[in-house]
Structures are given as C-alpha cells and as structure tokens.
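Written out below as structure tokens is the structure these notes cover.
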Amino acid sequence: MKQNRTQLFEVDGLQVQLIQKDIKNMYLRYKGESDTVLVSAPFSMRERDIVHFIRDRREWIEDAKRRWQERSEERPEMTKEEAWKAWVYLKEEIQKLLNLWAPQMGVIPGGFKIRQMKTRWGSCNVRTHHMTFNLALAHVPYECLEYVVVHELSHLIEPSHNERFWRTMETYLPDAKLRRKKLKGYSV
C-alpha cells in the first residue's frame, strides 16, 4: 500500500492542502481554523483535474468560509468554568441517552469520554465499543445530541457509513436526516 502524499499549494488565492491516498473519488472540505481547503484525491488524479475540481466548487468554498466566520463570531471560547459545566452536563445527558438507546438497539457500549475535537461530533471504536463525544455538543439542541449518540451506537451494528448504517439510523430515529441537517448548522 502506498503512503499518503501531502502537498500545499494555492489556487486562485485559496490555500489548499492536498492529500493523495488510496481512494477512488475526490473529496473537499473547508478547515476554518487554518483557512485552508483540504482535498483528498486518488494517487492517479492529475494536478490540473484537482485544480478544476477546486474551481468548480469555489461557490461552496466561499459559503463554507462565510458560515465558519459567522459561527466563530457567534461562539466565543469557553472559560474553564463553562467547559467544566458543559462537561458535567454532557456526561449526565449522554449517559441517560446511552441507557435509553443501547438496550433498544441491542448493543453494549464500552464506555465513553468527552473531549474537545476539531473535526467531528463523535467517534466510535468498533473493536472496544468505546465512544468519544465532542465537548461542543453542549451547544447544540438536545435532538442533535441524541442524533450523535444514536449515530455512534449505530456503528456497533454497522461500522461503515453504508446503506445499512443509514437504514439503521432511520429505524431508530425516523427524522435522522432532519436532525443531521440541523446539526450541520453548528460548528464543531
């Protein structure tokens, strides 16, 4: 297996971090904290095709930049006391949600922790069944928190984000798509 190749360059004033790896499709996301466009692309992809891919998505990138700036202005850094209160709140609420949903879903979580995460709301180690939740979940509506907990529990049924996974989500949360859309309005 080839090692990933990382490269930094600029396209029309945008800072781009390119990671070429063993994948089939190209993916793009905006990293607001570094004002960088992150592109994952197959090893075989030519540079001109990557640049074209970025230019085609310029409007989306500008929207993502604007949304990130608005969200970062809305939510100042938490003080230590605020972070502690958020952690205590989440610990209690996540435990309640795990106690509610795990038996209904027929899964057994292996414990959880809460920490600040830069790019995701939660994660699940399918081998140990241990879950990690983002401290920023303290700032989202309860139905979004519940969505993230059910999402991570669903990984204990289906590890991949495939069709079976999304069917599982909708079995337990019929409005999962709406909750996911609502969650996307908040900054990790």
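Residue order for 180, 120, fewest other beta carbons within 10 angstrom first, comes to 120, 180.
Beta bridges from DSSP with both residues in the chain: antiparallel share about 60 percent, rounded to the nearest 5. At q = 0.17, 0.19, 0.20, 0.21 Å⁻¹, what log₁₀ I(q)/I(0) does a Debye calculation on the Cα points of the range 44-117 give, no solvent, two decimals? Treating every Cα as an identical point scatterer, log10 I(q)/I(0) equals -0.82, -0.86, -0.89, -0.93. Of the DSSP beta bridges with both residues in the range 1-112, give the percent that are antiparallel, rounding to the nearest 5. That works out to approximately 65 percent antiparallel. Taking all Cα pairs closer than 8 Å and separated by 6 or more residues, the relative contact order of the chain comes to 13 percent.
Computed over the chain, the per-residue total of -39500 (n - 2.57) for DSSP H runs of n ≥ 4 gives a 222 nm mean residue ellipticity of -14500 deg cm²/dmol, rounded to 500. Counted by neighbouring Cβ atoms within 10 Å, the residues 188, 149, 16 run from fewest to most as 188, 16, 149. For 38, 90, 137, the sequence from fewest to most other C-beta atoms within 10 Å is 38, 90, 137.
For residue 23, the residues 5 or more places off, or on other chains, whose built amide H falls under 5 Å of its own are 43. Placing dummy labels 7 Å off each Cα toward the beta-carbon, the span from residue 96 to residue 118 is 3.3 nm. Using θ = phi - 60° in the Karplus curve 6.51 cos²θ - 1.76 cosθ + 1.60, the 3J(HN,Hα) couplings for the range 3-12 round to 7, 4, 10, 10, 8, 10, 7, 10, 10, 6 Hz; x is entered for Gly and Pro.
For the chain, the spread of Cα coordinates along the three principal axes comes to 51, 39, 30 Å, biggest extent given first.
Every number here is computed from the coordinates shown, using simple stated rules; none is lab data. Owing to the predicted nature of the structure, the values given are computational and were not obtained by experimental measurement. Cβ coordinates were reconstructed from backbone atoms using ideal geometry, including for glycine residues, and neighbour counts include every protein chain displayed.
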